[in-house]
Amino acid sequence: MEFFFEQLANWKYYLIGGYPEAPLTGLSLNIVLALLSISIGLFFAVILGLGRISCRRYIRYPCSACIDIVRSTPLLMIIFWFYFFLPVIGAKLHLFWSAVIALSVYAAAYQAEIVRAGVLAVPMGQMEASLSSGMSRFQAMAFIILPQAFKMMLPSFVSFFNSMFKSTSTVYIIGIVELTRTGIIISQLKPNRIFAAYACMALGFWIVCYSLSFAAQKLERKLGILDYESYKPEICRDDLILIPLPKAVKKYLTTQK
Amino acid sequence: MKFLNLRYDFDWGIPFREPFLGWLVTGVKLTLLIAVVTAVLSLVIGTVLAIMRVSRFKILNIPAKIYVETVRNIPGLFWLLFFYFVFPQLLPSPLTDALNGYVYYSVIAGILGLTVDNSAYVSDIVRTGILGMPRGYMEVAVSTGLNRLQQLRYIILPGAFRTILPPLGTRMIHNFKNSSLCMAIAAPELTWATQQIESITFRGLEVTFLATVFYIGLSLAMAAIVIRLEKKWKINMTSITSMRT
Amino acid sequence: MKKNSLYVLLAALLFASFASAASAESLLDEVTKRGTVRIGHGNATPPMNYIDEKGQWTGFDVDLGSAIAEKLGVKVERVLVDNKTRIAFLANRSIDISLANISSTRSREEQMDYAEPPYFWTGKIFYAKKGKIKSIKELGGMKIGVDQGSNAFIAAPQEIAKYTDKKPEMLSFQNSAEGFLALKQGKIDAYSQDAQIMASVAGSLGEEYEAVGGSIWSPGLYGIGVPENESDFRDKISFILQDMMKDGSYEKIYQKWFGAKGVAPLPINARPRLPQDTFGNMLYIWPD
């Protein structure tokens, strides 16, 4: 028990490591990794998620394939792929960035499913109304559908952030010094402090995750729980291309029946 | 013409050479063993926890809630490391020595860690299923004259499991993928085998590729089975809810 | 039909984006031009390379790497590698130098080159509780741990097979600290790692442990790893290392880490040197 308090007094090491003299480590690195990968992932998630509900098969199938492949690969494998494969094709990346890319790919696939569900939950009439008011499909998607969808997706995003934050602990395997590795380093420097180090590790994760899941619950209650089942995706009209493309390409695609 | 400027020479013979083939086969077996055992265990524990959580008694209700809130907010990797390095030390000493001395304790620790992690999620899913049953369904259960436990066993749980099949299936697939984390505690499962081969031959891409295909193939197959079962077991809720009138 | 050609075009574009022109200039020129040398270090094997209490990346390898970069006249960029990638990254040219306690082995030599001479002379021991295991023969049938990425995973069973028919049970851990913890808790009977790393990982607990048979079973001659077929660069690094041994800057770093007053005092002499009976402890340096 006294070791536990001794380690708690060492909170700065668990939180930021030797920053700013030494590179950032510890819990804040987990948060940075989660934030970065979620925001990079979100950009691709919107494209993939919208692509997946497109009526065009040549858009829908590749997007679905990307999402399904990433979703059925263990995160550890994705991390190893980027860790070992990127240098092979000649990309010289800092270890941190290869971790960020791997986590972003993972986040993109999972968030794409959230985006898809969110967009499908917006009533179809919204799209029709905006189209009849003279908006282009891209405008309707960007200004009418997506804002509503994002509002509904917010609780899912917060709980996904929670799960992503936990997943960042996996990158300890490739040697990034985040909270898990920090705990292991402490138990390496002082082998008799292993219980205390593990307890501090758990506490760090728990505090962040609990506040996140608390926030997700609050948001859910405020915005109303998203009912994924209420919408059936079979409503699919031929002229609905969700991905914004140059007109020439669009024309080429639509004439290729 | 060399199109891709790869700094790597593929040698597809590596995965099929001894001792690497042996490691991979053991790895596949262990991965499947861990995935199946944790799935069954966490389903049982998760269901019990869910029943405790919907119970009216605080003595059942509160411990279950604490368990779920603790486990859900700490990464699965932590539980694996915890069960491998810390858990045996907390037990009485004969048990500590017995566990530590066991050759395959890493596998046991992996199963324990993943079960603890997964059961919390399963309990949440089952709980949502029980709470989400239509009112009419519950009324039917009460009107049968069975006692509360029998109602749960014969009427409510079978109904709940049918409705929660998709999220439960997703969770089990996730659990299967998580089994790869067991490499961190020296359990010789599939991901461990690929890394071990990489570290001996410095050529890991071939085996990593094969392992990835294995994971993807099995995950997709599991997903297909879940969709099949969902269709087969679907019950018409509207007919039950309309029984009230 | 036209649709197919579109796919082909897209695929071609995708592949073309990966392809890049191979550079013909030698690595030495490239490094000088770039102004930085990328050196790979691990961070989990004290005292060679590790992260200290202040969160600083430090160790004998790290200090040596900085000194080499200084002699090369370029800035140093440290890249984190682990036991698995310290050779793979060198082979795919992500790093220029790998200084991460790599002992020279023949199978590694196929993927990389070593600068001459090996910069640190140590060896692998079977580390076990005092008095528990008398000789290597007794290790047959026991559980032996190694680092994942160590050649001992294959070499140790071969060594033990010389004495007994019973096969040992091999386990591999992500780093030596986890392995030592497993040894301490009795999850494994012996841990095979280089002597000075084991001493450092065990720290004050080292008194309770000893090397099985009291001796090194396999030499671990740490080499500075350089990419395969870059003989200019390899020579340059070799000469820098030998110059450092000549002018005493190697000795300074050695004393800082392994001297009597160093961070991890070492009873054995791990400096690269020639056999005493013939050369009288002359350092391993090529004459001009």
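The values are calculated or read from the model by the stated rules, or taken from the named source; none is laboratory data. If you're wondering where the values come from, they're calculated on a predicted model, not measured in any experiment. Because the Cβ atoms are built from the backbone with ideal geometry, glycine has one as well, and the counts that use them run over all protein chains shown.
For the reader, a short list of remarks on this structure follows.
- Scanning segment A:66-89 for residues that are of a type in the set (A, V, I, L, M) and modelled with pLDDT under 90 yields A:86, A:88, A:89.
- For segment C:55-96, the set of residues classified as within 17 Å of residue A:95 (Cβ to Cβ), in a strand (DSSP E or B) and within 14 Å of chain A (Cβ to nearest Cβ) consists of C:57, C:77, C:78, C:79, C:80, listed by residue number.
- Per this entry, residue B:95 is not counted among residues that are surrounded by fewer than 16 Cβ atoms within 10 Å (Cβ to Cβ), touching a Pro at 6+ places or on another chain (Cβ under 9 Å) and within 30 Å of residue C:227 (Cα to Cα).
- Some residue of segment C:42-50 being at pLDDT below 85, assigned to a loop (DSSP other than H, G, I, E, B) and either among the aromatic types (Phe, Trp, Tyr) or in contact with a helix residue (DSSP H, G or I) (Cβ under 7 Å, 6 or more places away or on another chain) (or both): yes
- Within segment A:188-235, if we keep just the residues that are farther than 22 Å from residue C:177 by Cα and among the basic types (Lys, Arg), the residue that is modelled with the highest pLDDT turns out to be A:218.
- Scanning segment A:82-114 for residues that are of a type outside the set (D, E, K, R) and not in a helix (DSSP H, G or I) returns A:89, A:90, A:91, A:93, A:94.
- Taking the numbered list (1) of a type outside the set (Val, Ile, Thr); (2) surrounded by 22 or more Cβ atoms within 10 Å (Cβ to Cβ); (3) out of contact with any Lys or Arg (no Cβ under 9 Å at 6 or more places or on another chain); (4) assigned to a helix (DSSP H, G or I) in turn, residue B:195 passes all entries but (3).
- Residues within segment A:77-108 that are β-branched (Val, Ile, Thr) and within 10 Å of chain C (Cβ to nearest Cβ), tallied: 2
- When segment C:164-186 is filtered for residues that are within 11 Å of chain A (Cβ to nearest Cβ) and part of a loop (DSSP other than H, G, I, E, B), the ones remaining, listed by number, are C:174, C:175, C:185.
- Filtering C:70, C:110, C:138, C:116 for residues that are among the acidic types (Asp, Glu), over 27 Å from residue A:171 (Cα atoms) and in contact with a helix residue (DSSP H, G or I) (Cβ under 6 Å, 6 or more places away or on another chain) leaves a single hit, C:116.
- Scope segment C:110-139; condition surrounded by fewer than 17 Cβ atoms within 10 Å (Cβ to Cβ) and part of a loop (DSSP other than H, G, I, E, B); matching residues: C:110, C:130, C:131, C:132, C:134, C:135
- Of all residues in segment C:53-71, those that are of a type in the set (Ser, Thr, Tyr) have Cβ atoms under 8 Å from Cβ atoms of residues that are assigned to a loop (DSSP other than H, G, I, E, B), 6 or more apart or on another chain, in C:58/C:52.
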